[in-house]
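As structure tokens, the structure follows; a few thoughts come after it.
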Amino acid sequence: MEEKKVCHGGHEAAASAKKAAITAEDERFMQMAIDLSVRNVAEDGGPFGAVIVRDGEVIATGVNRVTASCDPTAHAEVSAIRAACAKLKNFKLEGCTVYTSCEPCPMCLSALYWAGVDKIYYGNTKEDAKAIDFDDSFIYDEIAKEYGDRRIPCINIMREQALKAFRDWDEKTDKIKY
Ligand SMILES: [Zn+2]
């Protein structure tokens, strides 16, 4: 959080107000996420853990199993979202708070927005993660670039054919909107 040194006024006031709102319960759930991350290292997973809570109750937990599961999306937060949604039989996690041992990467942050969680608490910062070679800054850099400048080519073809599913969806009267 080097930026803090150059931030004054509003940002610091907002940050301290948020800090003051952290409760003993928040710390208990964060400790749970941290414990999961520590245990996961001993169990051949990545050093990341997440806990999803609603109304003071743990709905689901997740740990990073990218290498163990050969799944590049098996980050702690995504794993916890999948488990929580399966348990609640809902594709939204409104009313839920997420405690994650590390600041979410762009994929997990996006997934948490799609899930519609209420709040996110994180322990390690992305700078802490970068220091041990978990660097997600290249993804933030890629998002800001034009398609032609990105390292993975992303090319628009056959739009007219692809639009069929969109037209079908648009006309469907019994769809579940999300
Ligand atoms: Zn992630």
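Values in this text are rule-based calculations from the coordinates and carry no lab data. As the structure is a prediction and not an experimental result, all values here were calculated from the model. Heads up, the Cβs are rebuilt from the backbone with ideal geometry, glycines too, and the neighbour counts pull from every protein chain shown.
In the chain, what percentage of the DSSP-assigned beta bridges are antiparallel, given to the nearest 5?
Antiparallel bridges make up about 70 percent of those DSSP assigns within the chain.
Compare Asp128, Asp168, Asp55 in a GNM of the chain, Cα atoms joined below 10 Å, and give the one with the largest fluctuation.
Asp168
Could you pull out the longest piece of the chain with no exposed loop GluC sites (Glu not before Pro) in it, calling a site exposed if DSSP puts it outside H, G, I, E, B and it has at most 16 other Cβ atoms within 10 Å?
95-145
Can you tell me how the stretch 77-164 classifies by the Cα gyration tensor, rounded, prolate or oblate, using a/c under 1.5 as the rounded cut?
oblate
Among Tyr99, Tyr140, Ile59, whose Cα lies farthest out toward the positive end of the dipole of the chain, if unit charges sit on the beta carbon of Lys, Arg (+1) and Asp, Glu (-1)?
Ile59
Taking the convex hull of the alpha carbon atoms in the stretch 134-178, what volume per residue do you get, in Å³? Mind dumping the intermediate values first?
Values: hull volume 5.9 nm³, N = 45.
Dividing the Cα hull volume of the stretch 134-178 by its residue count gives 132 Å³.
Give the Rg/Rh ratio for the chain, taking Rg as the radius of gyration of the Cα atoms and Rh as the Kirkwood radius, to two decimals.
1.03
Treating the beta-carbon of each Lys and Arg as +1 and of each Asp and Glu as -1, no other charges, what is the dipole magnitude of the chain about its Cα centre, to the nearest 20 debye?
Charge dipole of the chain: 540 debye, to the nearest 20.
Which whole-number percentage describes the relative contact order of the stretch 41-139, with Cα contacts under 8 Å and a sequence gap of 6 or more? Intermediate results must be reported in sequence, preceding the final value.
Working: 184 pairs, mean separation 23.2, N = 99.
Over the stretch 41-139, the number comes to 23 percent.
What's the extension gain from Thr23 to Asp55 if we count 0.36 nm per residue and subtract their Cα-Cα distance?
10.1 nm
Determine the dipole magnitude for the stretch 137-178: charges of +1 sit on the beta-carbon of Lys and Arg, -1 on that of Asp and Glu, nothing else is charged, the reference point is the Cα centre, and the result goes in debye to the nearest 20.
Charge dipole, the stretch 137-178, about its Cα centre: 100 debye, nearest 20.
Go ahead and set up a Gaussian network model of the chain, Cα springs under 10 Å, then flag whichever of Arg159, Arg82, Arg39 fluctuates most.
Arg159
For the cross-link pairs Lys89/Lys172; Lys119/Lys145; Lys126/Lys177; Lys89/Lys130; Lys89/Lys126, which exceed 26 Å when the distance is taken from alpha carbon to alpha carbon?
With Cα atoms farther than 26 Å apart: Lys119/Lys145; Lys126/Lys177; Lys89/Lys130; Lys89/Lys126.
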